[in-house]
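First comes the structure, then the notes that go with it.
The values are calculated or read from the model by the stated rules, or taken from the named source; none is laboratory data. Fair warning: this is a prediction, and the values are worked out from it, not measured in the lab. Cβ: placed from backbone, ideal geometry, glycine included. Neighbour counts: every protein chain shown. Calculation scope for accessible area: heavy atoms of the full protein, side chains included, ligands and nucleic acids excluded. Shrake-Rupley method; radii C 1.70, N 1.55, O 1.52, S 1.80 Å.
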Amino acid sequence: MAILFDSTSRLFTLRTDHSMYQMKADRYGVLLHTWFGIRSSVFDYSYRIAYADRGFSGNPYDAGEDRTYSLDALPQEFPVYGSGDYRSTALKVRYPDGTFSCDLRYLKHEIRKGKYSLPGLPALYETSGNADTLIITLEDTRRMFYVHLYYGVLEDLDIITRAVCVENHSNADIYIENIQSVCVDYLHGDYDLHTFYGRHVKERNYQRTPVVHGIQSAGSTRGTSSHQYNPFLILSDRNASEDTGNCYGFSFVYSGDFIGSAELDQYDQTRFLLGIHPDNFCYCVKPGECFYAPEAVMAYSADGLGSLSRIFHRAYRDHLCRGKWTTTRRPVLLNAWEGVYFDFNGDKLIQMAKDAAALGVELFVMDDGWFGKRDLDVSGLGDWTVNEEKLGCSLKELSDQIHSFGIKFGIWFEPEGINEDSNLYRSHPEWALQIPGKKPTRSRQQLLLDFSREDVRDYIFTHICQVLDSARIEYLKWDLNRSLTDLYSAALPATRQGEIMHRYVLGLYDMLEKLIQRYPDLLIEGCSGGGGRFDAGMLYYTPQIWCSDDTDAIERLSIQYGTSFGYPVSTMGSHVSHCPNEQTRRIAPLNTRATAAMSGTFGYELDVNKMSADEKDIVKTQIEEFKKYYDLIQYGDYYRLTNPDTVEAYHGWEFAAADGSEALLCIVALQIHPNGPGRWMCLKGLREDGIYVVDGREYPGGVLMNSGLLLPDAAEEYQSFRIHITMKSN
Ligand code: GLA
């Protein structure tokens, strides 16, 4: 059993194959956090807690004259606002009398077989019986509400998930002003916080900073998880590396506002929290109702950042992404966007699709511009009717033509967006998020629909279905091209306007769920101006997400490097585009553009017509090569070998089969120096004693991993190499 409870000491121990998590309801019923780290035999880790009389650290009333017992210093599982813990806390509730001071005590618990799920929210799933659920119920000492703490233990995945439910059992409304899904207290140690910051066309840059006194945080108040910070954070030992050291990963399975924070407190203890950002959040829980805080996924690795990432890769690839496309080969696609932008008609698309099919492309995607009055990004959003005049044919005719080349057909939508210059806005201005009496903030000259409203979602859903039902469409790109502002919903009273951000995300999930239930074979790719909503919440509905609008292969190395810490390669939408690159004007060899794009879902985003015969031949062989290595790339173990932002010359990464039988080493020469030194790369994930063949030469795996492989000399800057390594014997 992965969850153990000792009734005498009221000790809860959660164990995965390699990690352990522990809590204890103490003599006052306060739920203490006692351990998160390496798996050991069951032992009461509360021995590590030091009790001392600390000035200005108050004592709960029931501790009597014991001045050494203070919530201000104790490691707690779910610390609350207002009863003497002055650090960041996990819950702040406004009571009906307007006060905020809260105190929670252990009431009961339940252990269930299988992994819990959450109503209306994405969550990891486990169907093979290797998961257990623990629900600990804490009660507010004023007896108004319960807090149910959910724990999912996915033993062989080395994953522990958490979620929180607040149940109002009083007869008055309560308001949740802050709720965090995760709190972990570390009693001692020096930690680094790893975050992934960015902006449009430069997402998920990797940053590592020491945790110092005070609060460091990364979050979003944009209504989406955002380009700016990603809801995946790592806390690690100060000296942890790719291959060594204690690392703790925290991922929020949510696509809206979030905050992850680390606080080094006055007693040199570290508290980590992850949950919904409180700035745009105030949720009313009516008598008898429950509020569910989204799931957060936690993992621990004793062996550095690389193995931590591989835990998340496996879990997200196989236990978060759902449906047919989790296991079915995804098609190599050609997206028309950077090839033609808005300037197309049916004939042009058909020609592109025909050329692409001849090269081995398996799916043609028509991007923005096929609907309403949409020849630029200033109008038409919201009017999901096919512009047959522009296409010169119906959608069915276009789709049939494209299918006649033996390939699939896909289409772009931005369901949440609306232009003021659209028929939908003219008939329903109140459906857009805007505040009466205030001019809204425009972005890309558009507004957003109030997705917290069911009637609005129903309208859009009906129109999307009409389009999808009118032709054979196997792929849908779900885009969103701005952040949320002007939060006001005509459907909610003044007292509940603080719920819009969260209700918007729930509305988004509701519609995506309806879509995948109705079209189970549809491959949906998430997108938000590139990777502005690249998060675990979206992956529950869309098994791949367009990684960035920056298609420059060299820039992509950093973006995909950062993304790889928390997300598997199988989720990263990545395409080869034209050169000079549209975003940077850089010229990178076609081979290198493919090296970068192959470390993702792989596709092209260009006009095949503009390619030379030689380039077309190269593309053909690239697609063949990708198909050959598909399983290794998509399901193999991913190893970061260097950091593209700090490496001196050659950047490398590797895919290795889980059994070490083969590997694909990818190298890009970021800088070359005439008369330069030899360049070496140490491989990973091979068998020490296996004999590997590289370019006809034999090496023991241990030699390749410890001494390294001498790399070929690059003849030009940005040249890349894909080196396939196979094991002969062991
Ligand atoms: C966003 C997407 C692009 C493209 C455009 C279309 O920017 O990220 O890939 O679909 O919208 O307007």
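Numbers at a glance
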| item | result |
| --- | --- |
| All-pairs alpha carbon distance profile, segment 500-618, 5 Å steps from 0, percent | 2, 11, 20, 20, 15, 13, 10, 6, 3, 1, 0 |
| Net length gained if the chain between Thr462 and Phe5 were fully extended (0.36 nm per residue, minus Cα distance) | 159.6 nm |
| Values of log10 I(q)/I(0), in the order q = 0.15 Å⁻¹, for segment 1-65 under a Debye, Cα-only, solvent-free model | -0.54 |
| Listed peptides 544-557, 102-115 by packing density, highest first (mean Cβ within 10 Å) | 544-557, 102-115 |
| 19 Å Cα-Cα reach of Lys286 towards lysines, excluding residues that sit fewer than 8 places from it in its own chain | Lys92 |
| Segment 362-428, relative contact order [Cα under 8 Å, separation at least 6], % | 44 percent |
| Principal axis box of segment 679-730, alpha-carbon based, largest edge first, Å | 37, 19, 15 |
| Cβ-derived FRET efficiency at R0 41 Å, Asp268 paired with Glu167, nearest 0.05 | 0.70 |
| Net lengthening on full extension, Asp243/Ala715 (0.36 nm per residue, minus Cα-Cα) | 166.8 nm |
| Prolate/oblate/rounded label for the chain (Cα gyration tensor, a/c 1.5) | oblate |
| Full-extension gain in nm, Ile618 to Arg105, via 0.36 nm per residue minus C-alpha separation | 178.1 nm |
| Sequence-distant residues sharing a close amide H with Ser19 (under 5 Å, placed H) | Arg39 |
| Built amide H within the under 5 Å cut-off of Tyr650, gap 5+ | Leu670 |
| All lysines inside 23 Å of Lys324 as judged from Cα atoms, apart from same-chain residues fewer than 8 positions distant | Lys115, Lys408, Lys477, Lys514, Lys627, Lys628 |
| Solvent exposure ordering (accessible area, 1.4 Å, most first) of Met20, Met727 | Met727, Met20 |
| Solution diffusion estimate, µm²/s, Stokes-Einstein, segment 136-270, Kirkwood Rh from C-alpha pairs, 4 °C, viscosity 1.567 mPa s | 76 µm²/s |
| Heavy-atom accessible area per residue - segment 190-238, 1.4 Å, Å² | 38 Å² |
| Rounded to the nearest 10 Å², the accessible area of His578 at probe 1.4 Å | 40 Å² |
| Solvent-accessible area of Asp26 with every protein chain in place, 1.4 Å probe, in Å² to the nearest 10 | 10 Å² |
| Accessible area in the full protein assembly, largest first, 1.4 Å probe, for Glu662, Glu688 | Glu688, Glu662 |
| Virtual spin-label span in nm between Ser41 and Gln445, 7 Å along Cα→Cβ | 7.2 nm |
| Per-residue ³J(HN,Hα) for segment 353-366, Karplus 6.51 cos²θ - 1.76 cosθ + 1.60, θ = phi - 60°, Hz, x for Gly and Pro | 5, 5, 4, 5, 4, 5, 8, x, 5, 10, 8, 10, 10, 8 |
| Under-5 Å amide H pairs with Tyr341, H placed in peptide plane, nonlocal only | none |
| Degrees, to the nearest 10: 553-564 long Cα axis against longest axis of the chain | 30 degrees |
